[in-house]
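Participant: This is the structure, below, for whatever I ask next.
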Amino acid sequence: MPHSGRRNADQAVLTALACGATVEAAARQAGVSAATIHRRLKDPAFTRRLQRLRFDMVQRTAGALTAAATEAVRTLLELMKASSPHASRLGASKAVLEIGMKVRETAELEERLSALEERLAADGST
């Protein structure tokens, strides 16, 4: 059964670290020593699991934000109407412009990257 306890401790450590806890805080939460965590962080498989967990958390967060984006845009557009206070209209207008530019830049970069990947794949298959 000791392996099960270690797995549980590892999972608690991974979750705490992925959420931004310090090694000391993660050790307290998982019921292990900070030295144990430092030793585990030297294990490439453990650090890969940590990176994968962090990546998964970022992906889920991005998905949730994407799902909420339409409502956020509606809210900004509503705040831009003449019935809103001047400061609210100005802030909403700035946000729409800034976000719009970032989204456009990201879409263009993704398109260019996709084209490069397709070209590399085509070159590699010949």
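Only the coordinates and a few stated rules stand behind these numbers; no lab work does. Everything numeric in this text was worked out from a predicted model, so none of it was measured. Positions of Cβ are generated from backbone atoms using ideal geometry, with glycine treated the same way; all protein chains shown enter the neighbour counts.
Participant: Find how much the distance from Ala95 to Phe55 grows on full extension, using 0.36 nm per residue of separation minus their present alpha carbon separation; answer in nm with one decimal.
Facilitator: Going from the current span to full extension adds 11.7 nm.
Participant: Using the alpha-carbon atoms, what tilt in degrees (0 to 90, nearest 10) does helix 44-79 show relative to the longest principal axis of the chain?
Facilitator: Its long axis makes an angle of about 20 degrees.
Participant: Taking neighbour Cβ counts within 10 Å as the exposure measure, how do Asp123, Asp43 sort from fewest upward?
Facilitator: Asp123, Asp43
Participant: Evaluate the charge dipole of the chain about its Cα centre and quote only its size in Debye, nearest 20, assuming +1 on the Cβ of each Lys and Arg and -1 on the Cβ of each Asp and Glu.
Facilitator: 620
Participant: Tally Lys and Arg at +1 and Asp and Glu at -1 over the other residues with C-beta under 13 Å from the C-beta of Leu113: what net charge comes out?
Facilitator: Once all neighbours under 13 Å are counted, the net charge is -4.
Participant: While we're looking at this one, here's another question. Taking neighbour counts of Cβ atoms within 10 Å as a proxy for exposure, in what order, fewest first, do Leu65, Leu50 appear?
Facilitator: Leu65, Leu50
Participant: Right, another one. Quick one: what are the phi-derived ³J(HN,Hα) couplings along the stretch 85-99, Karplus 6.51/-1.76/1.60 with θ = phi - 60°, whole Hz, x for glycine and proline?
Facilitator: x, 3, 4, 5, 4, 4, x, 5, 4, 4, 4, 4, 5, 5, 5
Participant: If I fit a long axis through the Cα atoms of helix 2-18 and take the longest principal axis of the Cα atoms of the chain, what angle between them do I get, 0 to 90°, rounded to 10?
Facilitator: That helix lies at roughly 30 degrees to the long axis.
Participant: A further question on this structure: Grab the Cα-Cα distance for Asp123 and Ala34, subtract it from 0.36 nm times how many residues apart they are, and report the gain in nm with one decimal.
Facilitator: 27.1 nm
Participant: Using helices alone, I'd like the mean residue ellipticity at 222 nm for the chain: each DSSP H run of four-plus residues gives -39500 (n - 2.57), total over residue count, nearest 500.
Facilitator: The per-residue figure over the chain is -30000 deg cm²/dmol.
Participant: Right, another one. Please report the net charge: other residues with Cβ closer than 15 Å to the Cβ of Leu97, K and R +1, D and E -1.
Facilitator: +2
Participant: Treat the stretch 80-126 as a sphere of radius equal to its Kirkwood radius over Cα pairs and apply Stokes-Einstein at 20 °C in a medium of 1.002 mPa s; give the translational diffusion coefficient in µm²/s, rounded to a whole number.
Facilitator: 161
Participant: Then there's this: Listing Met101, Met80 from the residue with the fewest other Cβ atoms within 10 Å to the one with the most, what is the order?
Facilitator: Ordered from fewest to most neighbouring Cβ atoms within 10 Å, Met101, Met80 come out as Met101, Met80.
Participant: Using the Kirkwood formula on the Cα atoms of the chain, what hydrodynamic radius do you get, in angstrom to one decimal?
Facilitator: 18.9
Participant: Please check: in the Gaussian network model of the chain (C-alpha springs, under 10 Å), which one of Val73, Val103, Val23 has the largest mean-square fluctuation.
Facilitator: Result for the chain, Cα springs under 10 Å: Val103 fluctuates most.
Participant: Rounded to a whole number of µm²/s, how large is the Stokes-Einstein D of the stretch 1-68 at 37 °C and 0.692 mPa s, given Rh as the Kirkwood radius over C-alpha pairs?
Facilitator: D = 261 µm²/s.
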